[in-house]
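Visitor: Okay, here's the structure, questions in a sec.
The values are calculated or read from the model by the stated rules, or taken from the named source; none is laboratory data. Owing to the predicted nature of the structure, the values given are computational and were not obtained by experimental measurement. Ideal geometry is used to build each Cβ from the backbone, glycine not excepted, and the neighbour counts take in all protein chains shown. Areas reflect the complete protein model, heavy atoms only, side chains present, ligands, DNA and RNA absent. Shrake-Rupley method; radii C 1.70, N 1.55, O 1.52, S 1.80 Å.
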Amino acid sequence: MNRYLALSRILLKSSITPPASGRHERTKTALLMLFVAVSMLPLVAALALTVSKLYDPLAAIGQQGVLLGFGCAISGLIIFIFGIFYTINVYYFAQDVEFLLPLPLKAGEILGAKFTITLLFEYLTQLLILAPLLVTFGIRSGAGLSYYLLAAGVYLSLPVIPLVLASLLAMALMSYSSIASHKDRFRIWAGGLGLIAALGVQFAMQKVMAGRKPEDFVRLLQEGKNSLADWAVQLFPGVRLAVKALLQQGAAAGWLNLVLFLLLTGLFILILRLAGGALYFRGAVGGSESYAAHRALNAAEMAEAGRSGGQLGALILKEIRLLVRTPAFFMNCVLVNFIWPVMILFVMTSGEQEDIEGLRRLVGSNVSLATLLLAGIGAALLVAGVSGASASGISREGSQFFTSKYLPAPYLTQLKAKMTVAFLLALAGFALLLGVLAVLFQLPAAAIGLLLLATLPAIAFPVLAGMLLDVHFPKLVWDNEYRAVKQNMSIVLLMVISGLAGAACIWMALRYSAAGWTPAVTAVLLLMAVDAGLYFMLAKKGADWLAAISA
Amino acid sequence: MIELVQVNKSYSGKVKAVDDLTLTVPAGEIVGFLGPNGAGKTTTLKMLTGILNPDSGSIRINGLELHREPIRVKEQIGFVPDSPDIFLRLKGIEYLRFMADLYRVGGAERRQRIEEYTARFEMAEVLGNKIQSYSHGMRQKIVLIGALLHDPAVWILDEPLTGLDPKSSFLLKEILRSEAGKGKTVFFSTHVLDVAERLCDRVAIIHKGRLLFDGTIAAMRDHFKADESLEKMFLEMTEDE
Ligand SMILES: Nc1ncnc2c1ncn2[C@@H]1O[C@H](COP(=O)(O)OP(=O)(O)OP(=O)(O)O)[C@@H](O)[C@H]1O
Ligand SMILES: [Mg+2]
């Protein structure tokens, strides 16, 4: 137990952003964190407002509990889906695994400590959804102290079960990786598999929802007494108990339900301990092995090696190779560009046929090309903004950042190589998305061509802005590639900025659909101007900024 | 030729890693850079290669000011860092191509040097594998070969001998000697004192960021007025304080 605690403490210390050198750096980081936190506030506020708005109508029919039911279920689902990736990375890919294995630690101790750290980060994630929900609900229902105590208990225990389930899935997947000879390739594959599993869950849920007849909802609604909440919580084991605990605040039954929920949670932890003891080492041992049948080059390959290329080309090629071959980078910088077309296909094929037909008619007839263009620009901002390829360009270098200082390529050339790769990835993803939409909605080729052309500045914007952010706030100290691309504030910040801009465009497209070409053209020109400004800044000062980053 | 004039460097404004260092490494000679752990060797070499900026002082390589013309200076340097764990996910051959492209090595030389050096260091067999699958010594060798491709005028190596097997380290010493013979500048840090004693024309000894000695080993013997080994003299010199 002591070793478990000691290990957890060490892991926590090393996973919190390491203290930047210099005070200047530290204030910069603190300011950035503050900014990220503030930029999350609108999201939290919007959620709280929605909950507050929905409360009265639902309470009128005795169904306010559905808010808690859905909220807890969704929160659990998010933790489960992200947990799959997160646990694979923390349990297996983290570089500390190599140092921990030779220490006299039991599998359960390592696993326990790593689980604890992951759980702590999940509490942070929950601040975004669960916290505003619980608090708003408490205020609206005029709950007393006991509600808030129960809510705190639920807040702390709710993520445990989804995380245990994600851990079990991760361990099952990874214990097979020890027999795979191409580890990196397997892991990239496992990442894709995880993604597909996550999409599958979504798909299945949609089917479940679709299976419910509207009459069921009406019946449940009429029954009152929060029966709808009962139904929502079926999505996740134990959530029902948690919600019951919250709804029966005043009574002893509330506490009884919480105790039951805690017991269930304890049971899951026990299962994780048992399974972990058997499975963890199987996947973790040999984690850094690489496929190594010695292979000399043949004459053709040797001749190929003799052909010379330019610096920019060499840097671009290196960037692409590292992106594609590093599992964490592949998932977060390459794959994300291409999930949208897949998602759209999923949604369109799983939805009701009539709805799709309706949507098709809507897009086909009523929507003007100008509106479509503006919406497309918004979509491009959203899609390209989610990719971390540019905003992690410097961060990804990590401990080998020093190489970019002694290699004889101008700093600006190095930045250009990174931006080119990020731009091409985003462009390819968006083009694929357009292709899918073109087929689904039978859009004319000319419209697609114009759309692609007009969205170029929108795709370039997140690339330029991301680079600018990462040059200023590079996260170079990480023990785990995953951290360079996931716990990276440049990426989060870019997502927020680009997302807001994209949402604004789409909102305008919907709101002013009759305004003709002016909004769309304005958006294109505005983005072009901003891009030009950003590029000018990078060209002029980028090299100096890069030079100022200490290796 | 490498010239350091009154170079200072401290980390986060506190630890003084290099203290008023003035040192000249002439062309055509092998100069060993010695000092206990934490003496400031790596810090100095990093400043020479542009990885770290000195707080003050000037650095010139073959007459060119480093901070004025960084690219032209970097093109002349062949650098072997102390950690060879870089670009692990590239294959050996991909890394060499990358280095050749960046240092603009073209034409017949390119292929000929890749073939020659990989054969001499016995790395041809594994060129198609990822560097990640290499042993520590193999990683060092691939980094070394990458630094050799452009036939650098100035060699800067941070502990190049640790980890190499006897044959490779013999080979490296041969190469260093012949390069210096051709008028190249060779500056490397090491902890292996008997190698330094036999290989180097001169040694520079640094301790707590300050230069303690700079000259030939014969001159050092004169200084100590005894026919002692470099190891003894080194220990004596870095003992006090
Ligand atoms: N990144 C860093 N941040 C803060 N201090 C550092 C850093 N790198 C080195 N130092 C400090 O600078 C001093 C010199 O370190 P340096 O790495 O130059 O020593 P060295 O002579 O190369 O030692 P070794 O023989 O162990 O390689 C030491 O006191 C060290 O603690
Ligand atoms: Mg050193």
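Visitor: Any residue at all in region B:71-93 that is without any contact (Cβ under 8 Å) to a residue 12 or more places away in the chain, over 21 Å from the mean Cα position of the chain (by Cα) and more than 7 Å from every other protein chain (Cβ to nearest Cβ)? I'd like the intermediate steps shown before the answer.
Guide: Taking region B:71-93 as the starting set, the residues that turn out to be without any contact (Cβ under 8 Å) to a residue 12 or more places away in the chain are B:71-72, B:83.
From the residues that got through so far, the ones that are over 21 Å from the mean Cα position of the chain (by Cα) too are none.
No, that holds for no residue.
To keep it simple, each residue is scored yes or no on (1) open to solvent by 20 Å² or more (accessible area, probe 1.4 Å); (2) at pLDDT below 75; (3) not polar (S, T, N, Q).
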| position | (1), (2), (3) |
| --- | --- |
| A:Y280 | no, no, yes |
| A:G287 | no, yes, yes |
| A:H294 | yes, yes, yes |
| A:A314 | no, no, yes |
| A:F329 | no, no, yes |
| A:L335 | yes, no, yes |
| A:M348 | yes, yes, yes |
| A:G351 | yes, yes, yes |
| A:L381 | no, no, yes |
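Conditions tested, residue by residue: (1) farther than 30 Å from A:A299 by Cα; (2) part of a helix (DSSP H, G or I).
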| site | (1), (2) |
| --- | --- |
| B:I145 | no, yes |
| B:I156 | yes, no |
| B:F170 | no, yes |
| B:G183 | yes, no |
| B:R198 | yes, yes |
| B:L211 | yes, no |
| B:A219 | yes, yes |
| B:K232 | yes, yes |
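Visitor: Now for a separate question. Could you check region B:129-143 and list, in sequence order, the residues that are assigned to a helix (DSSP H, G or I) and either within 16 Å of ligand 1 (Cβ to nearest atom) or crowded, with 21+ Cβ neighbours inside 10 Å (or both)?
Guide: Step one: filter region B:129-143 for residues assigned to a helix (DSSP H, G or I), giving B:131-133, B:136-143.
Of everything in region B:129-143, those that are assigned to a helix (DSSP H, G or I) and either within 16 Å of ligand 1 (Cβ to nearest atom) or crowded, with 21+ Cβ neighbours inside 10 Å (or both) turn out to be B:I131, B:H136, B:M138, B:R139, B:Q140, B:K141, B:I142, B:V143.
Visitor: Is at least one residue of region A:513-530 at pLDDT below 85, over 21 Å from A:A389 (Cβ atoms), surrounded by 14 or more Cβ atoms within 10 Å (Cβ to Cβ) and away from ligand 1 (no atom under 16 Å from the Cβ)? Lay out the reasoning, then the answer.
Guide: Of region A:513-530, the ones at pLDDT below 85 are A:513-516.
Now restrict to residues that are over 21 Å from A:A389 (Cβ atoms): A:513-516.
From what is left, the residues that are surrounded by 14 or more Cβ atoms within 10 Å (Cβ to Cβ) are A:513, A:515.
When the remaining residues are screened for being away from ligand 1 (no atom under 16 Å from the Cβ), the result is A:513, A:515.
Within region A:513-530, one or more residues are at pLDDT below 85, over 21 Å from A:A389 (Cβ atoms), surrounded by 14 or more Cβ atoms within 10 Å (Cβ to Cβ) and away from ligand 1 (no atom under 16 Å from the Cβ).
Visitor: Being over 24 Å from B:P81 (Cβ atoms) and open to solvent by less than 10 Å² (accessible area, probe 1.4 Å) is the requirement here; does B:M123 meet it?
Guide: On the way: over 24 Å from B:P81 (Cβ atoms): no; open to solvent by less than 10 Å² (accessible area, probe 1.4 Å): yes.
It is false that B:M123 is over 24 Å from B:P81 (Cβ atoms) and open to solvent by less than 10 Å² (accessible area, probe 1.4 Å).
Visitor: Just to be sure I understand the filter: pairs with C-beta atoms under 6 Å, separated by 6 or more residues or on different chains, first member in region B:41-55 and away from every other protein chain (no Cβ under 11 Å), second member more than 10 Å from ligand 1 (Cβ to nearest atom). Which pairs pass?
Guide: These pairs meet every condition: B:P54/B:V7; B:D55/B:N8.
Visitor: Sort through B:T185, B:T216, B:T190 and tell me the only one that's within 14 Å of ligand 1 (Cβ to nearest atom) and more than 14 Å from chain A (Cβ to nearest Cβ). Break it down into steps so the answer makes sense when it comes.
Guide: On the way: B:T185 fails: within 14 Å of ligand 1 (Cβ to nearest atom); B:T216 fails: within 14 Å of ligand 1 (Cβ to nearest atom).
Just a single option satisfies the conditions, and that option is B:T190.
Visitor: While we're looking at this one, here's another question. Could you say whether any residue in region A:442-452 is closer than 30 Å to A:K114 by Cβ, open to solvent by less than 60 Å² (accessible area, probe 1.4 Å) and assigned to a helix (DSSP H, G or I)? So that I can check it myself, show each step before the final result.
Guide: Quick first cut of region A:442-452, residues closer than 30 Å to A:K114 by Cβ only: none.
No, region A:442-452 has no match at all.
Visitor: Anything in region B:42-59 that is open to solvent by 10 Å² or more (accessible area, probe 1.4 Å) and within 10 Å of ligand 2 (Cβ to nearest atom)? List them, or say none.
Guide: B:T42, B:T43, B:K46
Visitor: Next question, about the same structure. Please count how many residues of region B:17-38 are under 19 Å from B:D55 (Cβ atoms), within 16 Å of ligand 2 (Cβ to nearest atom) and buried (at least 17 other Cβ atoms within 10 Å of the Cβ). Break it down stepwise before answering.
Guide: Of the residues in region B:17-38, the ones under 19 Å from B:D55 (Cβ atoms) are B:17-23, B:38.
Checking which are within 16 Å of ligand 2 (Cβ to nearest atom) leaves us with B:17-18, B:21, B:38.
The next check asks that each one be buried (at least 17 other Cβ atoms within 10 Å of the Cβ); those that pass are B:17-18, B:21.
Final tally of qualifying residues: 3.
Visitor: Can you confirm whether B:I142 is under 16 Å from the mean Cα position of the chain (by Cα) and more than 16 Å from ligand 2 (Cβ to nearest atom)? So that I can check it myself, show each step before the final result.
Guide: Numbers: under 16 Å from the mean Cα position of the chain (by Cα): yes; more than 16 Å from ligand 2 (Cβ to nearest atom): yes.
So B:I142 passes the test.
Visitor: Read through the list (1) part of a loop (DSSP other than H, G, I, E, B); (2) within 30 Å of A:G306 (Cα to Cα); (3) within 16 Å of ligand 2 (Cβ to nearest atom), then give the number of the only condition that B:P152 fails.
Guide: Result: B:P152 fails condition (3) only.
Visitor: With (1) over 30 Å from B:K41 (Cβ atoms); (2) open to solvent by less than 10 Å² (accessible area, probe 1.4 Å); (3) touching a strand residue (DSSP E or B) at 6+ places or on another chain (Cβ under 7 Å) as the list, and B:R110 as the residue in question, which single condition is left unmet?
Guide: Failed condition: (3).
Visitor: Quick check: is even one residue across region B:32-42 in a helix (DSSP H, G or I) and within 16 Å of ligand 1 (Cβ to nearest atom)?
Guide: Within region B:32-42, the subset in a helix (DSSP H, G or I) is B:41-42.
Then keep just the ones that are within 16 Å of ligand 1 (Cβ to nearest atom); that gives B:41-42.
Checking region B:32-42: at least one residue is in a helix (DSSP H, G or I) and within 16 Å of ligand 1 (Cβ to nearest atom).
For every residue, the table says whether it meets (1) within 19 Å of A:A543 (Cβ to Cβ); (2) among the aromatic types (F, W, Y); (3) open to solvent by less than 10 Å² (accessible area, probe 1.4 Å).
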{"site": "A:G398", "(1), (2), (3)": "no, no, yes"}
{"site": "A:T413", "(1), (2), (3)": "yes, no, no"}
{"site": "A:K418", "(1), (2), (3)": "yes, no, no"}
{"site": "A:L425", "(1), (2), (3)": "no, no, no"}
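Visitor: What about B:D194, is it in the same structural domain as B:K46 (by TED's automatic domain parsing) and over 28 Å from B:R139 (Cα atoms)? Lay out the reasoning, then the answer.
Guide: Details: in the same structural domain as B:K46 (by TED's automatic domain parsing): yes; over 28 Å from B:R139 (Cα atoms): no.
Spelling it out, it is not the case that B:D194 is in the same structural domain as B:K46 (by TED's automatic domain parsing) and over 28 Å from B:R139 (Cα atoms).
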